[in-house]
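Notes follow the structure.
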Amino acid sequence: MEKLKFERPVINRINAGVPDKFGMATTVQPISHIDEVAVQDLLEQYGSPLYVLSEKTIRDTYKEAYSAFKTRYPKVQFAWSYKTNYLNAVCKVYHQEGSWAEVVSGFEFEKALANGVPGSKIIFNGPDKSKEDLERAIELGALIHIDHYDELYEIMEIAPKIGKTAKVAIRVNMDTGIYPHWDRFGFNYENGDAWTAVNKIMPDPNMELVGLHTHIGTYIMTPSAYGIATAKLAALAVRIDQKYKHNIKYIDMGGGFASKNTLKGAYLPGSDTCPSFDDFAEAITGALINSDIQYDHTPTLFLETGRALIDDAGYLLGTVLANKRLLDGRRSLIIDIGVNNLFTSFWYEHHIVPARIKQFDAEDTTIYGPLCMNIDIIRAAIQFPVLEKGDQVVIKRIGAYNMTQWMQFITYRPKVVIIDIQGNSHIIRENENHETMNALDRIPEHLDNIQL
Ligand SMILES: *Cc1c(COP(=O)(O)O)cnc(C)c1O
């Protein structure tokens, strides 16, 4: 008979937890497969930890979002927010679906071009556009969304030298009735800055004002805020038409729709509180349709949704390294996924489950990552079944921002795999290794020689 494992008995305070509206979850549903591919097989083939993306979920979610808007409004164009996930294969899926590119740096601009997006279908946002970035954007006819006056003046200066009309929009920030009000990006609506910017652009023969843009925040759970923002941009468009007889071509409502992840401290799970694409679409298109913009000048509605399009498609698979008792008797589980690979764990209560359950008793557990740092906490408190070293875990809804904001720290970043529609897995990013990590290091000659 196999020798039973001994564990020192502990006295544990019964922790009733904080039930939400529906009480405490009493069972944990394991995730053994992703799109019918076994988690165990994926980890065996590609190593642990491992990022997995579902191409089917990416495409299905995109189609759901697109149809929510397209069924309500005649002219809709999505642009994939590169910073949310700019692995080339991921961007290509969105481009195949018809999405343009939304970039916020010269680096992302170059990525979009290399992915085959024509310059005229790249939206160039962000406060940091170098002179060279702007020159290239004007040259290629990209849509430059001006963030501040210094950028506006720089375009005024360089556009005549290039001999091409710069296609510009202004980013506008406004009070939409929610907190926080992101006033650091773009020109303010209420204090007149946005109108002043328009009045500087319009008389300039080297600039064409093609659109109006806003991005009111991120993880927004209030569709009505979008309704207010849309109405304000539409009013600005009408005012431009009145004064200049000029019709802007598009209104870009940015991104920011909440995903189904649960924020730390939230009373209800995000999957219950997250508004649907229909809710957002209704608020935005309703405000556009009811605006005073003339019918035959109906602008195209641009959307730059990031988080809400890809969060659900991403999974992070990992392996249990150890079990430990903390001083207060609480169980702790150490897994090979650290906060460097799961940046979003700083603000989300990530949904983490075992790949397989052997034992149904759940215990109050803290889940730690493998980094030698006290902040490396994946879940501070969760009712979790007892797992052993070598058991596998799955973290759901990690597709947004984790594959761009990940940090290389004390170990190599793992592989990223996509599961295609047929259920075949493909590596879309290799793991780092000693060679790739050292490729950029340089040793000055006087430090080359060490003798210990
Ligand atoms: C980050 C960003 C987005 C995407 O935001 P999500 O919250 O991920 O939807 C869209 N537009 C701009 C300008 C951004 O900076």
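The values are calculated or read from the model by the stated rules, or taken from the named source; none is laboratory data. Keep in mind that this is a model prediction, so the values were computed, not measured. Because the Cβ atoms are built from the backbone with ideal geometry, glycine has one as well, and the counts that use them run over all protein chains shown.
For (1) more than 30 Å from residue 166 (Cα to Cα); (2) in contact with a helix residue (DSSP H, G or I) (Cβ under 9 Å, 6 or more places away or on another chain); (3) within 16 Å of the ligand (Cβ to nearest atom), each residue gets a yes or a no:
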site	(1), (2), (3)
31	yes, yes, no
36	yes, no, no
75	no, no, no
106	no, yes, yes
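Would you mind stating whether residue 346 is without any contact (Cβ under 8 Å) to a residue 12 or more places away in the chain, outside the structural domain of residue 248 (by TED's automatic domain parsing) and either within 16 Å of the ligand (Cβ to nearest atom) or of a type in the set (A, V, I, L, M, F, W, C) (or both)?
yes
What is the one condition in (1) more than 23 Å from residue 155 (Cβ to Cβ); (2) touching an Asp or Glu at 6+ places or on another chain (Cβ under 8 Å) that residue 123 does not satisfy?
(1)
For the range 61-93, how many residues meet the condition of being free of Cβ contacts under 8 Å to residues at least 40 places away in the same chain, out of contact with any Asp or Glu (no Cβ under 9 Å at 6 or more places or on another chain) and within 25 Å of residue 424 (Cα to Cα)?
Residues in the range 61-93 being free of Cβ contacts under 8 Å to residues at least 40 places away in the same chain, out of contact with any Asp or Glu (no Cβ under 9 Å at 6 or more places or on another chain) and within 25 Å of residue 424 (Cα to Cα): 2 in total.
For residue 268, all conditions in the list (1) among the aliphatic types (A, V, I, L, M); (2) in a loop (DSSP other than H, G, I, E, B); (3) within 16 Å of the ligand (Cβ to nearest atom) hold save one; what is the number of the exception?
(3)
What number of residues within the range 238-257 satisfy the criterion of being touching a Ser or Thr at 6+ places or on another chain (Cβ under 8 Å) and either part of a helix (DSSP H, G or I) or under 20 Å from residue 181 (Cβ atoms) (or both)?
Number of matching residues: 8.
Condition first: surrounded by fewer than 24 Cβ atoms within 10 Å (Cβ to Cβ) and either within 16 Å of the ligand (Cβ to nearest atom) or closer than 18 Å to residue 171 by Cα (or both). Now tell me which residues in the range 217-229 satisfy that.
217, 218, 219, 220, 221, 222, 223, 225, 227, 228
Is it the case, given these coordinates, that residue 173 is at pLDDT 95 or above, within 13 Å of the ligand (Cβ to nearest atom) and assigned by TED's automatic domain parsing to the domain that holds residue 254?
yes
I'd like the residue in the range 285-327 that is among the acidic types (Asp, Glu) and either part of a helix (DSSP H, G or I) or within 16 Å of the ligand (Cβ to nearest atom) (or both) and, out of all such residues, is modelled with the lowest pLDDT.
Applying the filter and picking the extreme gives 296.
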